[in-house]
Structures are given as structure tokens and as C-alpha cells.
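Take a look at the structure below.
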């Protein structure tokens, strides 16, 4: 690293003036005793002593202190601190102290972030292990039962094979979602933007999930009657997946004989907000910051019985952020939840 030194002369200047003042007092005292006080001699002595003291002190301080400060900067560079390594090396003690304190604070934040990531990694590995173990052990259990003799019974054989197949389907579902979210996180996702009626898209998703909702007697509906289409500019296929995932969640955790409402409202001049509201079990506020994490589940014990990959909300978040939009959640435990996200209106929007 090529080091440029920004020197501080304050210490040497003040010290030389102080030394000159003390020596001048001694000289004045000696001249006063001899009765030959010469002010020109005294002024010349002060100036000469100040200049000589300044240069001696500056050179000594540079060799003794400044080079050690330069070493500190080099050590900082080894720690890859771009905030300090790229700067001019200063020898001003106050500035140096402030920079080192800032460096220490930044490093502490960096270490805390690494600790959080490590905890997240452990949590993620534990969750993905649990998600994969459940269907794997289910499939293995039915296959072993068949091998132990149940295969001879035609009724049991068909029943167990069907259950094992469900376990395999869930594994495939998890792997597919994992593959999708990995692409979203690492490669990014190419968006195929087009203009479409978001209300028509929601109606299509209603039809797809009609039977699933009927099994829990949940009604899928709009908050009101929309007489005109509302056109947005987005990736139609991806937004369909977002709405599908949100509606599936509302059905999965909704109360029987409940209702899931979808509303589309004008937010600002060029934005609309899509809301999915249910009257299900709701989410405690303490979980709001983590519900969009991969495999994070609010109910660690019971939610897995509902199936799913545990990646639905994480996928939703990535798709919405890939559109440069925002997603929000509001919920009250035992009262229901509302997930909402923004979309850009198309230029020929009719609202």
C-alpha cells in the first residue's frame, strides 16, 4: 500500500513555543541579574529557540510516533477495512482516535452480523432437515411395511402405495420450491413484463383453488364488486404464483366456515395495492420479521401437518422484490391476517 502521510504540526508547534517561553524566562532572569537586559537579544533568542525546538521535536515525533501510526494503518489494511485503508494516514491524535473508534464499531457490527448469519444458517439447516425427513420417513415406513408382508394384501398394498406416493409428491414439491428460490436468490429472476387485468388473474386463481377452499368451507371472494378491469404491468405468471401462495396460506391456516377476501385499491398515481385478508388464526407480531424466511413456521408443531414446502412466503417476497415492489403483513392472533403488495399500474389502466 502506498501511504500518504497527513502530518500534524500542532504538537511540535505548541511544545516549541512552551520550551522557548521557559528558556526565555531563564535568559531574562540572567540578564536582569547582570543588569544588561537586551530586548532585541531576548526576541532573537525566543525566535531562534522556537524554530530549532520545532524542527527537533517534529523530526523526533515523526520517527517515534508517526511511523508507529503508519504501522497501525497498515495493520488495519490487513484486516481489509476499506474505510481506513483508502484514506490518507493522519497523525492528528483526535482524528486518529475517531477513525479507530469508528473502525472498531464497524468491526463489531460485522461480527454481530456474522453471528446472526451463523444462527440463521443453523436454523435453516435444522428446518430443511426436518422438512425432508418427514416425507422421507413416511415413504420409508410404508415401503418397509409392504416388504414385511403387507404386499400380499391387495387392499393394503394399494392404500400404502398411494400414501407413499403422497410423500414422494411432497418431496418433489419441496425440491421444486427449493430450486426456484435458489434461482431467485442467486441468479435473480428474469421478469416478463406485460399489461394484464389483475382482477381476471385473481378470478382464475379462485377457480383453481375452489375445491381446496371448499374442503374447509372457506369462501374466496372480492371485497366488493369490481365493474371495470384494473390493468397492471408485471410478470403475469409470477404474480399468479404470488396470489396463489397467499391464498393457499389463507386456506391452510383459515378457520372453517371462514372467508378470504381479495381487494385491489389505488395507492398513488401509478401504483395499486393488492390485499389478501382472512379471518383465520392470525400471526403474533413477534413473528413478523421472520415469516418471509425460508422454512420459517409460526407454529413449529402443528403447521407441518398442513403440508406445503415452507417456502411459499419466501418465494412471494422474492418475486415482489424482483418487481421492485413492497410486501406488507398485518395480523392479530386469533383474528386474522392481511398480506398486501404493490404493483405498477399500466398506462392504460381503467379503475
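Brief remarks on what is shown
- Only one entry in 255, 265, 261 is at pLDDT 75 or above, part of a loop (DSSP other than H, G, I, E, B) and either in the same structural domain as residue 220 (by TED's automatic domain parsing) or surrounded by 15 or more Cβ atoms within 10 Å (Cβ to Cβ) (or both), namely 255.
- Considering residues of region 318-338 that are in contact (Cβ under 8 Å) with a residue 12 or more places away in the chain and assigned to a loop (DSSP other than H, G, I, E, B) only, the residue surrounded by the most Cβ atoms within 10 Å (Cβ to Cβ): 323
- Residues within region 268-280 that are buried (at least 19 other Cβ atoms within 10 Å of the Cβ) and outside any strand (DSSP E or B), tallied: 1
- Hey, residue 141 at pLDDT 80 or above, within 20 Å of residue 312 (Cβ to Cβ) and not assigned by TED's automatic domain parsing to the domain that holds residue 315 or not: no
- For region 146-157, the criterion of a residue being under 44 Å from the mean Cα position of the chain (by Cα) and outside the structural domain of residue 311 (by TED's automatic domain parsing) is satisfied by no position.
The values are calculated or read from the model by the stated rules, or taken from the named source; none is laboratory data. Not measured: the values here are computed from a predicted model. Cβ sites come from the backbone with ideal geometry, for glycine too, and all protein chains shown count toward neighbours.
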